[in-house]
Amino acid sequence: MELDKIERLLARYEEGETSLAEEKILRNYFLNNDVPEYLRSYQMIFTYANHQAQEKLRKEPEINPRKNWYAWSSVAAILILALGLFFFNDTSSRLNENDLGTITEEEVALEKARETLAMVSQIMNEGKSDLVYLKEFNKTTNKIIQID
Amino acid sequence: MKESTFLNIINPVKDKMYRLALRLLTSREAAEDATQEVILKLWNRKNRIKHYANVEAFAMTVTRNYCLDQLKSKQNNNLRIVHQNYESSNSSLQTEIEVNDEIQWLSRIIAGLPEQQKMIFQLRDIEQYDFEEIAEIMEMKQTAIRVALSRARKAIREQLIKKHNYGIR
């Protein structure tokens, strides 16, 4: 009896012991026959597998993507912008020679420079201390429970 | 290697790569992007591709690794929630509705399996690779693959029966 054979194959199928040829016999049986009710679940699985195998990639793969072109165009745009700004700003705010070197003594100049650098680093540190709050983001995302 | 020779190698495999990516990433867009990315990676390594005995298995391994990486990266964590809408282009409306319904059940059941079982079920029952090739793609022993496959097949059928009372009615 054919059904007998199918049942024996199914038992081995569940154990992962069937060969590809045997699985083909099962597939052909389930895709082409009306099956008894108690084998319906197997039929669904084989129909599903068969259906899924027909899924196709809709887009043709590109191996020379236009992405590259976009990247270079943005580089060019930035370059043009930067050069443009550089040249125009240069004429409007030309440095005045007389404004430089107002401090003649070397000691005072060193002191002034030190003061300025200390101020910059202090402001930097103050700004950075506020960034601690960013850690809170990571803490909260970990609390989100994922439901599948 | 020329573009055309490369495409000739990739063309028979690309749908399989896409289906594996779709199984793992759920969303069609993500799967398409993943396939495209993997093909690009292979193209960049085209000079070494000749040295692989089984290019198809290699392409599948790269796809598998890429998709697992995508799943791990936080960026794609929301993809798991994306609902699948399967549409088939042929067959009449009535059978289409029935088929779609069953397909959605099964897709959901398989989506709930562990990643490894998902992939092995995909490679064996849908793509019909032999155990040797699956072992190569999954980088696992054949015996371990048989065990995982058996677990996947049993789990799918069990849940199908449990959830929808199929086979008992």
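Just so you know, all these numbers are worked out from the coordinates, no wet-lab data involved. It should be emphasised that the depicted structure is a prediction, and the values quoted were computed from it without experimental measurement. Note that each Cβ is placed from the backbone with ideal geometry, even for glycine, and that neighbours are counted across all protein chains shown.
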message: Sort B:V13, B:V55 by Cβ crowding within 10 Å, fewest neighbours at the top.
response: B:V55, B:V13
- request: Name the lysines eligible as straight-distance cross-link partners of B:K163: C-alpha to C-alpha under 16 Å, and not fewer than 8 places from it in the same chain.
  value: B:K154
Fewest-first sequence of A:R58, B:R157, B:R108 by Cβ atoms within 10 Å of each Cβ: A:R58, B:R108, B:R157
Number of partner chain Cβ atoms within 10 Å, mean per residue of A:43-50: 6
- prompt: So, in nm, how far is label A:F86 from label B:E29 when the simple model puts each one 7 Å beyond its Cα toward the Cβ?
  reply: 3.9
field: B:A111 versus B:A144: modelled label distance in nm, points set 7 Å from Cα along the beta carbon direction
entry: 2.8
Peptide A:12-24 - average C-beta neighbours from other chains (10 Å radius): 4
